[in-house]
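First up is the structure itself, then whatever we jot down about it.
The values are calculated or read from the model by the stated rules, or taken from the named source; none is laboratory data. Remember, predicted model here, so these are calculated numbers, not experimental data. All Cβ positions, glycine included, derive from the backbone under ideal geometry; neighbour counts span all protein chains shown. Only protein heavy atoms, including side chains, enter the accessible area calculation; ligands, DNA and RNA are left aside. Shrake-Rupley method; radii C 1.70, N 1.55, O 1.52, S 1.80 Å.
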Amino acid sequence: IVDIIITLHLFRGYEVGNRRPSLRDKLVVSRKCITPTLYAALVVTGLVPSDGVWSFRDFEELTQKYSEVSIPGIDVISQSLGHGLLIGCGMALALKRDGIPAKVYVIGGSEDLVEGYVWEAVLVASRLGLGNLVLIVVSRGLGSEGGFTGDFILRWCISGWHVVEVSSHNYTELLRALNEVDVVGRPSVITITNKDIITKEYELSSHHNIPYE
């Protein structure tokens, strides 16, 4: 998630100076429980003050346990599995109908792919020709060695989506993929296979803690 957020904001210029918010690219985060990571990335990109991380979960502070759209750099954030893609479809359609040359980036996890309405959204995006919609999916163990199964890749391809596979923690590959999906003219999905092995003990002990260096 850090790789994605930083690449979108720094390399792609997601938040561009004084441009009108309606004209810039949109970011939909379909994973509400990643706030420590998300806040740290937004600090690096300069959208959240550095002291915001250290006040994490303090009463009435900006960086709460669950982030809100009032935080700079976040247009939509959703906890429910797969809802981010549905929202992203609507935003991409609105931008297309208004003639605004901006993209909608939806960040989700492989666990979203078990929801039927996600695949309905995939078909709708293809039918409507939403070439300004980019789904970025991070693998969390579906398939062999934490990667994506061929069934998911095949379903995207059959549905008319452009698919790009990227290794985790590789900014060069991720930036190349983002540049590639800019010109395909159809909905795109970037799959990121996470090769890191994190034990349940580590996940539980670090969950919702302040992200120290």
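Checking every residue in segment 171-181 against the condition of being in a loop (DSSP other than H, G, I, E, B) and either open to solvent by 90 Å² or more (accessible area, probe 1.4 Å) or at pLDDT below 90 (or both) gives zero matches.
Considering segment 62-98, and only residues there that are in contact with a Lys or Arg (Cβ under 8 Å, 6 or more places away or on another chain) and in a loop (DSSP other than H, G, I, E, B), the residue that is modelled with the highest pLDDT turns out to be D75. Can you spot a residue in segment 101-108 that is touching a residue at least 12 places away in the same chain (Cβ under 8 Å), open to solvent by less than 50 Å² (accessible area, probe 1.4 Å) and more than 22 Å from R176 (Cα to Cα)? The answer is no, given that none of the residues of segment 101-108 is touching a residue at least 12 places away in the same chain (Cβ under 8 Å), open to solvent by less than 50 Å² (accessible area, probe 1.4 Å) and more than 22 Å from R176 (Cα to Cα).
For segment 186-210, the set of residues classified as at pLDDT 90 or above, part of a loop (DSSP other than H, G, I, E, B) and open to solvent by less than 60 Å² (accessible area, probe 1.4 Å) consists of P187 only. Scanning segment 127-149 for residues that are touching a helix residue (DSSP H, G or I) at 6+ places or on another chain (Cβ under 9 Å) and at pLDDT 80 or above returns L128, G129, L130, G131, N132, L133, V134, L135, I136, V137, V138.
Taking every residue in segment 72-97 that is closer than 23 Å to T45 by Cβ and open to solvent by 10 Å² or more (accessible area, probe 1.4 Å) and pairing it with any residue that is hydroxyl-bearing (S, T, Y) and modelled with pLDDT of 70 or more, at least 6 positions away or on another chain, the pairs with Cβ-Cβ distances below 6 Å are S78/S30.
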